[in-house]
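Worksheet: the structure to be examined is printed underneath.
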Amino acid sequence: NDGNARLWAARAAAESAGAALLAVRGADTGAREGTQGQLKTAVDQAAEGWVVGYLRALFPDDAIVSEEAFEGSEIPPGHIVHERFWTIDALDGTRSFVGGFAGFCVQLAYIVDGRVAVAVVHEPVRQATYWAVAGGGAFLEIAGGIGRRLRCAAAAAAPPVFVDSTRPQGVVGEIM
């Protein structure tokens, strides 16, 4: 099944990129301030290169929108022209990564007709991988254990808390 092939490829890409992030953590990252207050490093580009290269090798016809490549492109935000595409942030939480904190992850999603079909988030420090396939539920696996199905409570006991090193823009900024 197409969703399962993309799920396992996304997991392999995210988890292997996470291992590489841990291996280079603490090394000189070439950190610099990017646009809109975002910290950028050579590690962001290297992790993205690995994930994009891996997915392109397996799915050569898939469109890919990745943070580092997208930032320097001519494509206006919110203007994605493909019905099916990968969206990738291979090092989300660069400030946490550089600062030695655990709050960074690798994120991938495969979008079909504006909806998430496959999603993977890997937290390297915790060795935790979250994944979901549309219509198949969401799961969590920690440190190579057995994946467990996640359930959502019908109503949240408290309002959501947003944590980020920069103030979000757009809708999320308005909510905050």
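The values are calculated or read from the model by the stated rules, or taken from the named source; none is laboratory data. These figures come from a predicted structure and were not determined experimentally. Cβ sites come from the backbone with ideal geometry, for glycine too, and all protein chains shown count toward neighbours. For the accessible areas, the whole protein counts, side chains as well, though only heavy atoms, and no ligand, DNA or RNA atoms are used. Shrake-Rupley method; radii C 1.70, N 1.55, O 1.52, S 1.80 Å.
Scanning region 118-137 for residues that are hydrophobic (A, V, I, L, M, F, W, C) and assigned to a strand (DSSP E or B) turns up VAL118, ALA119, VAL120, VAL121, ALA128, TRP131, ALA132, VAL133.
Within region 45-66, the set of residues being closer than 25 Å to THR29 by Cβ, open to solvent by less than 30 Å² (accessible area, probe 1.4 Å) and either among the charged types (D, E, K, R) or more than 15 Å from the chain's Cα centre (by Cα) (or both) comprises just one member, GLU48.
Quick check on ARG167: is it at pLDDT below 80, open to solvent by 60 Å² or more (accessible area, probe 1.4 Å), part of a loop (DSSP other than H, G, I, E, B) and basic (Lys, Arg)? Yes: the conditions hold for ARG167. Selection within region 110-120: residues that are β-branched (Val, Ile, Thr) and surrounded by fewer than 19 Cβ atoms within 10 Å (Cβ to Cβ). The member of this set that is farthest from ASP62 (Cα to Cα) is VAL116.
Listed by first and then second residue, the pairs with beta-carbon distance under 8 Å, at least 6 apart or on different chains, first residue in region 27-48 and closer than 17 Å to ILE88 by Cβ, second buried (at least 19 other Cβ atoms within 10 Å of the Cβ) and modelled with pLDDT under 70, are LYS40/GLU68; ASP44/GLU68; GLN45/GLU68; GLU48/GLU68.
Yes or no, residue by residue, for (1) at pLDDT 85 or above; (2) over 14 Å from ARG6 (Cα atoms); (3) open to solvent by 50 Å² or more (accessible area, probe 1.4 Å); (4) outside any helix (DSSP H, G or I):
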position	(1), (2), (3), (4)
GLY26	no, yes, yes, yes
GLU68	no, yes, no, no
VAL81	no, yes, yes, yes
TRP86	yes, no, no, yes
LEU108	yes, no, no, yes
